[in-house]
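The values are calculated or read from the model by the stated rules, or taken from the named source; none is laboratory data. Owing to the predicted nature of the structure, the values given are computational and were not obtained by experimental measurement. As a convention, Cβ positions derive from the backbone with ideal geometry for all residues, glycine included, and neighbour counts pool all protein chains shown. These area figures cover heavy atoms from the full protein model, side chains too; ligands, DNA and RNA do not enter into them. Shrake-Rupley method; radii C 1.70, N 1.55, O 1.52, S 1.80 Å.
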Amino acid sequence: MQVTVETTSGLGRRMTVQVPSERIGSEVDKRLKELITKVRIPGFRPGKVPLRLVRQRYGGQVFHEVADELIRSSFQEAVTQEKLNPVSPPQIKPGPIDKEKAFEYTADFEVYPQIEVASMERAEIRRPTAEVTDTDVDRMIEQLRTQRRAWESVDRAAEEGDRVTLDFEGSIGDEVFEGGTGKDMAVEIGAGRMLPDFERNLPGTREGDEKDFDVNFPDDYRNEALAGKPARFSIKVSHVERSVLPEVDEEFVRAFGVADGDLEKFRTNVRSNMERELGEKVKARVKQQVMDALLDRNPFEIPGALVAEETERLRRQTMEMIGAKDPKAFPDERFGDTARRRVSLGLVIGEIVKQQGFRADEASINQAVDAIVSSYEDPAQVRQYYLQNPTARADVEASVLEDRVVDWVLAVANVTEDPVTFESFVNQPKTENAE
């Protein structure tokens, strides 16, 4: 078997394979002889059909079957021989079929990049440092009170923080646009769930009021058909309510799992949960910086096939999450940067894991699962899922290995402390996690 390889692009390879005609011919003859005992041709008893006739009728079909199988097996032989590491299945182009000559085909594919991991010494990492203060705990308890607030009707004009229930109809020009109507819609003034132009027209309205006003959809509005367009809304208010916060008493505390209603125990639990959240966010921030440093110091070409695969996976995840049906509404460009980042990180982390011989031992996996299930009401059931579901367990193992890589980088990096407050750090605007 003769093999030649040429580079078609940075990671693209075209491999030409020639398989001796004897290798195909002998296998074709073997199968044709086996067919003699199976085929039925009028005028001949079973098993007595001449090989010549079997070859005439079935020779072409058998040749193609043998060639297809030989392509699969010889491709693996060839890439092993040439020490190539294909990223994905190849695109095969068979050559002309001539039973008297060697069978030839070409295979186009991408290979994994050769990654020489750069030194991570002196990489700049800023580790946030903060503590949970009594004021932070008080603020969190106020948030918990807000979550369990009640609403009561008021006979006055709506104010900031009130809830207004209304019917609305929006139109662009003279036509009501799709999704532009609603009945008995409850809108909390100031919560930011409606467009700013819409919410700012609600203070001062009373039960029974009707009002028309203009709204400008922002240029980056999620519905492209409405983005950047002016609209006219008509509303009718059915009632106005104010929020009533519960007292922090024994009944309130019991609702958060403190069976004896002890207020100090409740505050201790709240502080513990806040400290755990703070620790998780610090770890995530440090990890983000480590991943940025790995990418910055280890540039390499990314296989397009892996990016396409990750792009498709991100598209499916997004569609499943929001219940969308049309993939055309989610073009590749929407996921391209995230897909490229994830593929790059996966490759460089995989190379470090291999070079350093990192392993996800059972104790580390159990510790990671403990951290995941600690916030669930039935941690035993969730633990069983993570340890027995192969996909979930693989995700945990990957996370453990990533932590090994992070620790490996931090051991040689220049890590400085960055003092912050709990409020500014934990409650800052969320950004997409690219990992």
* Structure fact -> Sorted by chain and then number, the residues having a modelled amide H within less than 5 Å of the amide H of Thr129, at least 5 places away or on another chain, are Asp418, Val420
* **Rounded to 10°, Cα long-axis angle of helix 362-373 versus longest principal axis of the chain** => 40 degrees
* Structure fact -> Heavy-atom accessible area per residue of the chain, all protein chains kept, 1.4 Å probe, expressed in Å², is 61 Å²
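Exceeding 26 Å between C-alpha atoms, which entries from my cross-link table qualify? They are Lys287/Lys354; Lys283/Lys325; Lys183/Lys229; Lys229/Lys328; Lys83/Lys354. Write out the running numbers ahead of the final one.
Values: Lys287/Lys354 20 Å; Lys283/Lys325 36 Å; Lys183/Lys229 23 Å; Lys229/Lys328 23 Å; Lys83/Lys354 18 Å.
Violating the 26 Å Cα-Cα cut-off are Lys283/Lys325.
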* Gain in length, Ser424 to Asp184, computed as 0.36 nm per residue apart minus the alpha-carbon separation, to one decimal in nm? -> 82.8 nm
* Structure fact -> Share of accessible surface on carbon and sulfur in the chain, whole %, 1.4 Å probe and ligands ignored, is 46 percent
* Structure fact -> Counting only backbone N atoms under 20 Å from a point 7 Å out along Cα-to-Cβ of Thr129, the residues of the range 256-298 in range are 275-290
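So what is the calculated 222 nm ellipticity per residue for the chain, using -39500 (n - 2.57) for each DSSP H run with n of 4 or more, over all residues, to the nearest 500 deg cm²/dmol? Intermediate results must be reported in sequence, preceding the final value.
Numbers: 12 runs with 193 residues, N = 435.
Only helices count here, giving -14500 deg cm²/dmol.
Which length gain, in nm to one decimal place, applies between Glu277 and Thr7 when the Cα-Cα distance is subtracted from 0.36 nm times their residue separation?
On the way: separation 270, 0.36 × 270 = 97.20 nm, distance 4.99 nm.
Length gained between Glu277 and Thr7: 92.2 nm.
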* Would you work out which of Val307, Gly60, Gly261 lies farthest towards the positive end of the dipole of the chain, given +1 charges on the beta-carbon of Lys and Arg and -1 on that of Asp and Glu, about the Cα centre? => Gly60
* So how tilted is helix 390-410 from the main axis of the chain? Cα-based, degrees 0 to 90, rounded to 10. -> 80 degrees
* Let me know the charge dipole size of the range 88-228 about its Cα centre in debye, to the nearest 20, where only the beta-carbon of Lys, Arg (+1) and Asp, Glu (-1) is charged. => 720 debye
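Taking R0 as 56 Å, what FRET efficiency do you get between Thr146 and Gln355 from their Cβ-Cβ distance, rounded to the nearest 0.05? Walk me through the numbers before you get to the answer.
Working: r = 50 Å, r/R0 = 0.90.
According to the calculation, E is roughly 0.65.
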* **Charge-dipole axis of the chain as Lys and Arg at +1 and Asp and Glu at -1 on Cβ define it, positive-most pick from Thr391, Pro46, Asn273** => Pro46
* Structure fact -> In degrees, nearest 10, the alpha-carbon axis of helix 379-388 is tilted away from the dominant principal axis of the alpha carbons of the chain by 20 degrees
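With a/c under 1.5 counting as rounded, go ahead and sort the range 250-388 into rounded, prolate or oblate using the C-alpha gyration tensor (a ≥ b ≥ c being the square roots of the eigenvalues; past the cut-off, prolate if a/b is larger than b/c, else oblate).
Details: a/c = 2.33, a/b = 1.68, b/c = 1.39.
Judged from the Cα gyration tensor, the range 250-388 comes out prolate (a/c at least 1.5, a/b above b/c).
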* Asked: If you put +1 on each Lys and Arg Cβ and -1 on each Asp and Glu Cβ, how big is the dipole of the chain around its Cα centre, in Debye rounded to 20?
  -> 3380 debye
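Using 0.36 nm per residue, how much length does the chain from Asp370 to Ile97 gain when fully extended, once their Cα-Cα distance is taken away? Numbers along the way, then the final one.
Working: separation 273, 0.36 × 273 = 98.28 nm, distance 6.08 nm.
Gain in length upon complete extension: 92.2 nm.
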